[in-house]
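Bear in mind that the values in this text are calculations on the coordinates, not laboratory data. Because the structure is a prediction, the values reported are computed rather than measured. Glycine gets a Cβ as well: all are built from the backbone with ideal geometry, and neighbour counts include every protein chain shown.
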Ligand code: ATP
Ligand code: MG
């Protein structure tokens, strides 16, 4: 079992879209994959169609969740094996998130070894997965720290836009700090997202990132594709929503590259 954290404290760079669609494609290729939604926004949970199974006024309430979530695992010590659910995609499983997680970082402050909660939970997984992918909120708070502590490899999505590299130094510094607790953690790769071939700026960012990160950047570049942004509102992964879209083709290619790299 290999565990990947998908992180970048910059918001809206494609962390969740990458977690959902890379994960789904790994599952389609026969790899048993567990997605962990560590973001109180729960975009990953709705991206695979999970939250929509509940009335909106229920999964939208901070104080009461209609299902068990990662909050119960981290704060209430529920075994992670009792919380993960199968998704509509074969081989693809989800540990859902819920808005109640928004208070978790504050609740964690008083817990001993608070950066270790997710790692401990994962150690108790009774089922074996090929890959675990953890989607993070856009911050370097305790939730992201928990993910970095639990993971073997960090995947960083970078949006092909101005200021793309902003904040990256801080993330890499955090990784160095985490190595104090988790010597295993290495950089798994950088994924360039939302590439718009019509702009010269996107081209520049690609060149910039490739020259900075040379051997760790994935060759597959994810294009800007409106179908990718529509799919979550249907609770479908891109491969189901529109398998012929440029977005679907790109994430299929990324999954292939990923498996070759981490088989
Ligand atoms: P946050 O930091 O808020 O968690 P994020 O890094 O997880 O954001 P996403 O939610 O994946 O980013 O993407 C941000 C927005 O951009 C979403 O509306 C998503 O549907 C859209 N999006 C992501 N990737 C693409 C793409 N390649 N083409 C077009 N739209 C995209
Ligand atoms: Mg997200």
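Figures for the structure shown
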quantity	calculated
Projected label distance in nm at residue 201 and residue 64, using a 7 Å step from Cα toward the beta-carbon	4.6 nm
Whole-Å distance, taken between Cα centres, linking segment 114-137 and segment 191-228	29 Å
Ordering of 21-28, 119-126 by burial proxy (mean other Cβ atoms within 10 Å per residue, highest first)	21-28, 119-126
GNM top mover of 251, 131, 163 - the chain, alpha-carbon springs below 10 Å	163
Cα-based shape type of segment 149-229, given that a ≥ b ≥ c are square roots of the gyration tensor eigenvalues and the cut on a/c is 1.5	prolate
All-pairs Cα distance distribution in the chain, expressed in whole percent, bin size 10 Å	7, 32, 38, 19, 3, 0
Choice from 112, 133, 171 showing the highest fluctuation, given a GNM over the chain with Cα pairs closer than 10 Å	112
Estimated [θ] at 222 nm from DSSP helical runs (n ≥ 4, -39500 (n - 2.57)) normalised by residues in the chain, nearest 500	-10000 deg cm²/dmol
Within the chain, percent of DSSP bridges classed antiparallel, to nearest 5	5 percent
Global form of segment 18-153, assessed from the alpha-carbon gyration tensor, a/c cut-off 1.5	oblate
Value of relative contact order over segment 2-262, rounded to a whole percent, pairs C-alpha under 8 Å and six or more apart	27 percent
